[in-house]
Amino acid sequence: MPKVMVVDDDVDIRDLAKMALEKEGFEVEVAGSGFECLEMLENGYRPDVIFLDVMMPNLDGWTVSRKIKINPDFQHIQICILTAKTTTLDALMSVESAHADWHLNKPITQKLLLETAKWMLSN
């Protein structure tokens with residue numbers, strides 16, 4: 001069963017994403033902050049895909065993405081930045097500077113979330 005982590009400081013977004021993904025057969029863990037995400041990885045959790053918000057207190061998602069992608073133990077994990085930051089520059093920041101594998105703008109439909117998770121798993 002594919003493992004997905006949803007990292008967002010908004011509990012409603014975490015809960016809705018978790019419910020939609022689990023309904024389609026994904027094993028889902030959630031984290032409310034970048035620190036919590038990194039702690040879970042350090043403690044051995046290995047998702048196949050991470051949906052990662054950018055605008056979170058203390059540690060933004062771009063920094064978290066960089067930390068994951070420079071660590072040889074984690075760099076195989078697919079990261080999709082999921083954010084309300086919607087400019088072309090923001091998307092470039094996600095992929096080029098933060099080394100994420102994909103960038104999606106909020107709000108997002110459940111269908112697009114599911115299709116993106118499936119597509120990322122196929123790559």
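Figure legend. Inter-residue proximity from segment 58-71: first residues polar (S, T, N, Q), second residues open to solvent by 50 Å² or more (accessible area, probe 1.4 Å), beta-carbon distance below 8 Å, spacing 6+ or different chains. Indicated pairs: Asn58/Phe35; Ser65/His99. Checking every residue in segment 70-80 against the condition of being at pLDDT 95 or above, closer than 20 Å to Asp10 by Cβ and of a type in the set (Phe, Trp, Tyr) gives zero matches.
Taking the criterion of being among the basic types (Lys, Arg) and over 19 Å from Ala20 (Cβ atoms), would at least one residue in segment 79-87 satisfy it? Walk me through it before giving the result.
Residues of segment 79-87 among the basic types (Lys, Arg): 85.
When the remaining residues are screened for being over 19 Å from Ala20 (Cβ atoms), the result is 85.
The answer is yes; a qualifying residue exists.
Scanning segment 41-53 for residues that are open to solvent by less than 30 Å² (accessible area, probe 1.4 Å) and within 12 Å of the chain's Cα centre (by Cα), we see that the one that is nearest to Ala17 (Cα to Cα) is Phe51.
Candidates Asn58, Asn123: the one that is more than 10 Å from the chain's Cα centre (by Cα), closer than 17 Å to Val4 by Cβ and either at pLDDT below 95 or of a type in the set (Phe, Trp, Tyr) (or both) is Asn123.
Within segment 25-40, the set of residues being among the hydrophobic types (A, V, I, L, M, F, W, C) and open to solvent by 20 Å² or more (accessible area, probe 1.4 Å) comprises Val30, Phe35, Leu38, Met40.
Please verify whether Asp10 is touching a residue at least 40 places away in the same chain (Cβ under 8 Å), of a type outside the set (A, V, I, L, M) and crowded, with 19+ Cβ neighbours inside 10 Å, treating the condition exactly as stated.
Details: touching a residue at least 40 places away in the same chain (Cβ under 8 Å): yes; of a type outside the set (A, V, I, L, M): yes; crowded, with 19+ Cβ neighbours inside 10 Å: no.
When the stated conditions are applied, Asp10 does not pass them.
Taken over segment 95-120, the criterion of being modelled with pLDDT under 95, farther than 16 Å from Met55 by Cβ and surrounded by 15 or more Cβ atoms within 10 Å (Cβ to Cβ) is satisfied by Val95 alone. Residues that are in a helix (DSSP H, G or I), among the small types (Gly, Ala, Ser) and in contact (Cβ under 8 Å) with a residue 24 or more places away in the chain within segment 95-123 comprise Ser97, Ala117, listed in sequence order. If we keep just the residues of segment 54-94 that are part of a strand (DSSP E or B) and open to solvent by less than 30 Å² (accessible area, probe 1.4 Å), which is farthest from Thr109 (Cα to Cα)? If we take residues in segment 54-94 being part of a strand (DSSP E or B) and open to solvent by less than 30 Å² (accessible area, probe 1.4 Å), then Ile79 is farthest from Thr109 (Cα to Cα).
The values are calculated or read from the model by the stated rules, or taken from the named source; none is laboratory data. None of these values were measured; they are calculated from a predicted model. Ideal geometry is used to build each Cβ from the backbone, glycine not excepted, and the neighbour counts take in all protein chains shown. These accessible areas exclude ligands, DNA and RNA; they are computed on the full protein's heavy atoms, side chains included. Shrake-Rupley method; radii C 1.70, N 1.55, O 1.52, S 1.80 Å.
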